[in-house]
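*Asks:* One structure, pasted below without further comment.
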Amino acid sequence: MPVVAAIPRPNAPVELREVASPALEDNSALLDVELSEVCGTDVYLQQGKLQGVPYPLVPGHVSIGRLSKIRGDLRDAEGRRLIEGDRVTFLDVHRTCNSCWYCLVAKTTTRCPQRKVYGITYGLDDGLCGGWAEQIYIKPGTHCIRVDAEPETFMAGGCALPTALHAIERAEVKIGDTVLVLGSGPVGLSAIILALIGGALRVLCIGAPDHRLKAAVEAGATSVLNIETHNESERLAWVREQTSGRGADVTIEATGAPIAVVQAMRFTRDAGRVVIVGQYTDHGAVSPEAAFNPHLDLNKKHLDVRGCWGSDYSHFYRGVQIISDPKRAIPWAQMKLTRYNIENANAALAAVASGQVLKALIDPQVH
Ligand SMILES: [Zn+2]
Ligand SMILES: [Zn+2]
């Protein structure tokens, strides 16, 4: 019986469980997990901060592994048949309906009310649906894709890569732009790399702690500033200093802190663009510190502020193509990863929550 690491209920430590292997439905498979990840969302899951989440729950929404058992026909989006032994990953979003108003009219499948996410809105009652496990059940209709990259390189991008790719797409970065990235966690780092791929001339990054800012420079950031040692007006002065007094052309907020949203607006030039991608968790009622002046911070600035929710197959697919290109993958391949076995999932969560590690991976096959 495969071993999984489950969050039994909000604010309880992760515990190991044995779960029976499922009987495979037609066109489904079992994936032997090689690596899964621990991201900020998993920290919030453990703290019970996400709505509509079924506990007990096995976290790990982006994973890579080998197909160990297939029943029926499993194909990728290009129609190629997947076979047992293939190294694959899969889009964590499942059951996008393609028949609701959001899918058909708004063409925004990330807001489809039918969608389910492995490791987040699928709980243990739905079967082996999280990556902190020896095996994942690939349900019928799950979008798998073969991965040629090394598992570690792929996981360095992990869930952050498609998220950041979506944000950069929303940002419509122009060739020669100066992009400001707020946050130096995994999404911020991938946003730096992708902004440069997307044509940015310079990328500024405000974040913390120092080891993450060092990683931001290694990812290609032109200049970085430590948020812990500079207050808001110092940060604004720093951004203006580097942008001929105007502010960034485009700002990507990838921090998780509500106050950063307002700062993103203030650090951006008039008629610039702001993309909010770091507010995946609801931090409660309107926070006074995140209040802004509608006249000065938004209307008069002629600012374009855009939200960015989740990612769809196109972001996931393009992310896998980029990470499978040895040259493009270099910034991710050199990121420092910290591996934990499944028994140490609580330590991994704590390390991510404190920002002590750049990126924590779960290796469920090593005990
Ligand atoms: Zn839909
Ligand atoms: Zn994630």
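*Asks:* Please report the carbon-and-sulfur percent of the accessible area for the stretch 195-244; probe 1.4 Å, protein heavy atoms only, DNA, RNA and ligands left out. Let's see the in-between values first.
*Replies:* Working: 1260 of 2440 Å².
Carbon and sulfur together cover 52 percent of it.
*Asks:* Then there's this: Taking a 31 Å limit on the Cα-Cα distance, which of the listed pairs 174/300; 49/301; 69/327; 107/336 fall beyond it? Mind showing how you got there, number by number?
*Replies:* Values: 174/300 23 Å; 49/301 33 Å; 69/327 33 Å; 107/336 37 Å.
Among 174/300; 49/301; 69/327; 107/336, the Cα-Cα distance tops 31 Å for 49/301; 69/327; 107/336.
*Asks:* Let me ask something else about it. Of all trypsin sites (Lys or Arg not before Pro) in the stretch 300-358, which ones are in loop regions per DSSP and have a Cβ with at most 11 other Cβ atoms within 10 Å?
*Replies:* Values: sites: 300, 301, 306, 318, 327, 328, 336, 339; in loops: 300, 301, 327, 328, 336.
In loop regions of the stretch 300-358 (DSSP not H, G, I, E or B), the sparsely surrounded trypsin sites (Lys or Arg not before Pro) are 300, 327.
*Asks:* Counting only residues 5 or more places away or on other chains, whose amide H sits under 5 Å from the amide H of residue 340 once H atoms are built in the peptide plane?
*Replies:* Here the answer is 361, 362, 363, since their amide H atoms fall under 5 Å of that of residue 340.
*Asks:* Using 0.36 nm per residue, how much length does the chain from residue 306 to residue 69 gain when fully extended, once their Cα-Cα distance is taken away?
*Replies:* Stretched out fully, the residue 306 to residue 69 stretch lengthens by 81.1 nm.
*Asks:* Note down the net charge around residue 248, summing +1 for each Lys or Arg and -1 for each Asp or Glu among other residues with Cβ under 10 Å from its Cβ.
*Replies:* On the way: positive: 202, 240, 246, 269, 273; negative: 177, 249.
Around residue 248, the surrounding residues sum to +3.
*Asks:* A follow-up question, please. Diagonalise the Cα gyration tensor of the chain and give the resulting equivalent ellipsoid semi-axes, square root of 5 times each eigenvalue, largest first, whole Å. If you can, show how the numbers build up before the last one.
*Replies:* Details: eigenvalues 243, 88, 81 Å².
Each semi-axis is √(5λ); the values are 35, 21, 20 Å.
*Asks:* May I pose another question? Would you please put 7-15, 182-190 in order of how densely packed they are, using the mean number of other Cβ atoms within 10 angstrom per residue and starting with the highest?
*Replies:* Working: 7-15: 15.6, 182-190: 28.7.
Descending packing order for the listed peptides: 182-190, 7-15.
*Asks:* Between Rg and the Kirkwood Rh of the stretch 1-57, both from Cα atoms, what is the Rg to Rh ratio? Before the final figure, lay out each step's value.
*Replies:* Values: Rg = 13.4 Å, Rh = 13.1 Å.
My calculation puts Rg/Rh at 1.02.
*Asks:* Continuing with this model, one more query. What trypsin sites (Lys or Arg not before Pro) in the stretch 108-189 are in a loop by DSSP, with at most 14 other Cβ atoms within 10 Å of the Cβ?
*Replies:* Values: sites: 111, 115, 116, 146, 170, 174; in loops: 115, 174.
Counting only loop positions with at most 14 other Cβ atoms within 10 Å, the trypsin sites (Lys or Arg not before Pro) in the stretch 108-189 are 174.
*Asks:* A further question on this structure: Calculate for the chain the 222 nm mean residue ellipticity that helices alone would give, adding -39,500 (n - 2.57) per DSSP H run of length 4 or more and normalising by residue count, nearest 500 deg cm²/dmol.
*Replies:* On the way: 11 runs with 94 residues, N = 367.
Dividing the helical sum by the residues of the chain leaves -7000 deg cm²/dmol.
*Asks:* What is the distance, in nm, between label points placed 7 Å from the Cα along the Cα-to-Cβ direction at residue 290 and at residue 148?
*Replies:* According to this spin-label approximation, the distance is 4.2 nm.
*Asks:* With an 8 Å cut-off on Cα pairs and a minimum separation of 6 or more residues, tell me the relative contact order of the chain in percent.
*Replies:* Normalised by residue count, the contact order of the chain is 19 percent.
*Asks:* How big is the charge dipole of the chain about its Cα centre, in debye rounded to the nearest 20, if each Lys and Arg gets +1 on its Cβ and each Asp and Glu gets -1 on its Cβ?
*Replies:* On the way: 37 positive and 40 negative charges, 175 e Å.
The dipole magnitude comes to about 840 debye.
*Asks:* Another question, if that's okay. To the nearest Å, what is the center-to-center distance of the stretch 73-134 and the stretch 166-197, using C-alpha atoms only?
*Replies:* For the stretch 73-134 versus the stretch 166-197, the Cα centre distance is 26 Å.
*Asks:* Which residue, chosen from 105, 130, 151, occupies the Cα position most advanced towards the positive end of the dipole of the stretch 99-190, where the dipole is computed from +1 (Lys, Arg) and -1 (Asp, Glu) charges on Cβ about the Cα centre?
*Replies:* Going by the charge dipole, the pick is 105.
*Asks:* What is the calculated FRET efficiency for residue 47 to residue 237, with r their C-beta to C-beta distance and R₀ = 41 Å, to the nearest 0.05? Before the final figure, lay out the partial values.
*Replies:* Numbers: r = 35 Å, r/R0 = 0.85.
FRET efficiency, residue 47 to residue 237: 0.75.
*Asks:* Go ahead and set up a Gaussian network model of the chain, Cα springs under 10 Å, then flag whichever of 86, 325, 312 fluctuates most.
*Replies:* Checking each option, the largest mean-square fluctuation is seen for 325.
*Asks:* Sticking with this one: In degrees between 0 and 90, to the nearest 10, how far off the longest principal axis of the chain does helix 210-219 point, with axes built from Cα atoms?
*Replies:* Between the helix axis and the principal axis of the chain, the angle is about 90 degrees.
*Asks:* Taking the highest mean first, how do the peptides 24-31, 132-139 order by number of other beta carbon atoms within 10 angstrom per residue?
*Replies:* On the way: 24-31: 18.8, 132-139: 25.6.
With the highest mean Cβ count within 10 Å placed first, the list reads 132-139, 24-31.
*Asks:* Also, I was wondering about something else. When Lys and Arg each count +1 and Asp and Glu each count -1, what net charge do the other residues less than 14 Å away from residue 320, Cβ to Cβ, add up to?
*Replies:* Values: positive: 80, 87, 146, 318, 328; negative: 76, 78, 86, 92, 148, 150, 312, 325.
It works out to a net charge of -3.
*Asks:* Would you mind calculating the gained length between residue 23 and residue 354 on full extension (0.36 nm times residue separation, minus the Cα-Cα distance), in nm to one decimal? Display every interim value, and only then the final one.
*Replies:* Values: separation 331, 0.36 × 331 = 119.16 nm, distance 3.96 nm.
Extra length available between residue 23 and residue 354 comes to 115.2 nm.
*Asks:* Please compute the Kirkwood hydrodynamic radius of the stretch 184-330 from all pairs of different C-alpha atoms, in Å with one decimal. Could the numbers behind the result be given before it?
*Replies:* Values: mean 1/r = 0.0621 Å⁻¹.
Every distinct Cα pair counted, the radius reaches 16.1 Å.
*Asks:* Extending each Cα 7 Å along its Cβ direction at residue 12 and residue 107, get the distance between those two points in nm, one decimal.
*Replies:* The answer from the label model is 4.6 nm.
*Asks:* Can you give the convex hull volume of the alpha carbon atoms of the stretch 5-156 per residue, in Å³? Before the final figure, lay out the partial values.
*Replies:* On the way: hull volume 18.2 nm³, N = 152.
Per residue, the Cα convex hull of the stretch 5-156 comes to 120 Å³.
*Asks:* Please state the shape class of the stretch 309-353: rounded when a/c is under 1.5, otherwise prolate if a/b exceeds b/c and oblate if not, all from the C-alpha gyration tensor. Write down the numbers at each step before the final one.
*Replies:* Working: a/c = 2.94, a/b = 1.61, b/c = 1.82.
Oblate is the answer for the stretch 309-353, as a/c is 1.5 or above yet b/c matches or exceeds a/b.
*Asks:* Follow-up question, since we're still on this one. Would you mind working out the magnitude of the charge dipole of the stretch 237-323 relative to its Cα centre, with +1 at each Lys and Arg C-beta and -1 at each Asp and Glu C-beta, to the nearest 20 Debye?
*Replies:* Working: 9 positive and 9 negative charges, 57 e Å.
Here the size comes out at about 280 debye.
The values are calculated or read from the model by the stated rules, or taken from the named source; none is laboratory data. Bear in mind the structure is a predicted one, so any value in this text is a computation, not a measurement. Note that we place each Cβ from the backbone using ideal geometry, even for glycine, and neighbour counts take in every protein chain shown. These area figures cover heavy atoms from the full protein model, side chains too; ligands, DNA and RNA do not enter into them. Shrake-Rupley method; radii C 1.70, N 1.55, O 1.52, S 1.80 Å.
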